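Enquirer: Starting off with a structure, shown below.
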Amino acid sequence: MSAGISARLDRISTGGRYLIVPMDHGITMGAVTGLKQLEATVDGVTSGGADAVLTQKGVADRVHGNTNGSGYIVHVNGSTTIGPDENDKRLTCTVEEAIRAGADAVSFHINVGSNYEPKQIEELAEITGEAERFGIPVLAMAYARGPGIQGDEPEALGHAVRLAEELGADIVKTGYSGDAESFQHVCESTSLPIVIAGGSKGTDAETVEMVRGAMDAGAAGVSMGRSIFQHDTPEAITRAVSAVVHDDHDAEDALSAAGLTVEA
Ligand SMILES: CC(=O)[C@@H](O)[C@H](O)C[C@H](N)C(=O)O
Ligand SMILES: O=CC(=O)COP(=O)(O)O
């Protein structure tokens, strides 16, 4: 690994653990709860312990100045829920543009098992090559999605994370399989640090228990969007997730340390 990649990975993590809050959903879903006041949400989650936030390039200027020293990742493809096919993520940004936008890393979404997988494989391989040239890390968001694919199936998730490693990514994000035991297979499928997506927002207890399960299985952290930015108090739920990711607390302690009720 080059010195540049290693130095930039340190800017988006703490001691090899990652608490990333992606807020690229504005392309996918529009200005949903938490994204209208993007500046305040970025300030809240980074005050709460996020190592990095992640957005599309166009809102970079709404992020900078509000990150409290945390890192910044620029996402380089996208699609919408109202377009012809949400799995058909198209390129939105080059590695060079991401660097100009102030990125410490870039991220790319690939839907393994979808009709768009072949094109997305080519694009991810090109992006990791380009990123290597600039010394900037790549987070591959490797989902198992497509006709007949079960998005939480451990074999499919294991295949997706392995593909990301084979294509040269530095970190891989994927969905959670539902329990620590099955997620261990996913973690053993790659030598890359794995972070989990949160999916649609659940209760506070569900959120932190999912994170605890993933960490127990060998994950290196989270790239958790809606469960954090759609929360009434993004700073508090980030604190709770941070207590698990960074301080190894159990779910109950993490919630009370963050001032959240265990039943919520
Ligand atoms: C809206 C979703 O289902 C998410 O899983 C997205 O696909 C992930 C991503 N952050 C995006 O909005 O593109
Ligand atoms: O970029 C999106 C993610 O990494 C995951 O988002 P989610 O809202 O936690 O599924």
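The values are calculated or read from the model by the stated rules, or taken from the named source; none is laboratory data. None of the values given here were measured: they were computed from a predicted structure. Please note: Cβ atoms are built from the backbone with ideal geometry, for glycine as well, and neighbour counts cover all protein chains shown.
Enquirer: Could you list, in sequence order, all residues of segment 23-76 that are closer than 19 Å to Val245 by Cβ and of a type in the set (D, E, K, R)?
Expert: Within segment 23-76, Asp51 is the sole residue that qualifies.
Enquirer: Continuing with the same structure: Return the pairs, sorted by first residue and then second, in which the second residue is of a type in the set (Ser, Thr, Tyr) and part of a loop (DSSP other than H, G, I, E, B), the first residue lies in segment 191-207 and is on the phi < 0 side of the Ramachandran plot, the beta carbons are less than 7 Å apart, and the residues are 6+ apart or on different chains.
Expert: Ile196/Tyr176
Enquirer: What's the number of the condition Cys187 fails, among (1) of a type in the set (A, V, I, L, M, F, W, C); (2) more than 16 Å from ligand 1 (Cβ to nearest atom); (3) not in a helix (DSSP H, G or I)?
Expert: In the conditions (1) of a type in the set (A, V, I, L, M, F, W, C); (2) more than 16 Å from ligand 1 (Cβ to nearest atom); (3) not in a helix (DSSP H, G or I), Cys187 misses (3) alone.
Enquirer: Out of the residues in segment 51-70 that are out of contact with any strand residue (DSSP E or B) (no Cβ under 8 Å at 6 or more places or on another chain) and in a loop (DSSP other than H, G, I, E, B), state the one that is surrounded by the most Cβ atoms within 10 Å (Cβ to Cβ).
Expert: Asn66
Yes/no per residue for (1) part of a helix (DSSP H, G or I); (2) of a type in the set (A, V, I, L, M):
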site: Thr80; (1), (2): no, no
site: Asp85; (1), (2): no, no
site: Asp88; (1), (2): no, no
site: Gly102; (1), (2): no, no
site: Phe108; (1), (2): no, no
site: Glu123; (1), (2): yes, no
site: Leu139; (1), (2): no, yes
site: Gly148; (1), (2): no, no
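Enquirer: Another question, then. If you scan segment 152-182, which residues turn out to be part of a loop (DSSP other than H, G, I, E, B) and buried (at least 19 other Cβ atoms within 10 Å of the Cβ)?
Expert: Those that are part of a loop (DSSP other than H, G, I, E, B) and buried (at least 19 other Cβ atoms within 10 Å of the Cβ): Leu167, Ala169, Asp170, Gly175, Tyr176, Ser177.
Enquirer: Can you tell me which of Thr67, Thr41 is over 14 Å from Ile27 (Cβ atoms), among the β-branched types (Val, Ile, Thr), at pLDDT 95 or above and in contact with a Phe, Trp or Tyr (Cβ under 7 Å, 6 or more places away or on another chain)?
Expert: Criteria check complete, one pass: Thr41.
Enquirer: Could you please let me know if Leu35 is within 16 Å of ligand 1 (Cβ to nearest atom) and in contact (Cβ under 8 Å) with a residue 40 or more places away in the chain?
Expert: yes
Enquirer: Among what's in segment 1-22 and is surrounded by fewer than 24 Cβ atoms within 10 Å (Cβ to Cβ) and closer than 16 Å to Gly102 by Cβ, pick the residue that is farthest from the chain's Cα centre (by Cα).
Expert: Gly4
Enquirer: Among the residues of segment 38-86, what is the count of those that are over 30 Å from Gly113 (Cα atoms) and either within 13 Å of ligand 1 (Cβ to nearest atom) or of a type in the set (Gly, Ala, Ser) (or both)?
Expert: 11
Enquirer: Quick one: in segment 226-242, which of the residues that are surrounded by 24 or more Cβ atoms within 10 Å (Cβ to Cβ) and over 15 Å from Ala40 (Cβ atoms) is nearest to ligand 2 (Cβ to nearest atom)?
Expert: Ser227
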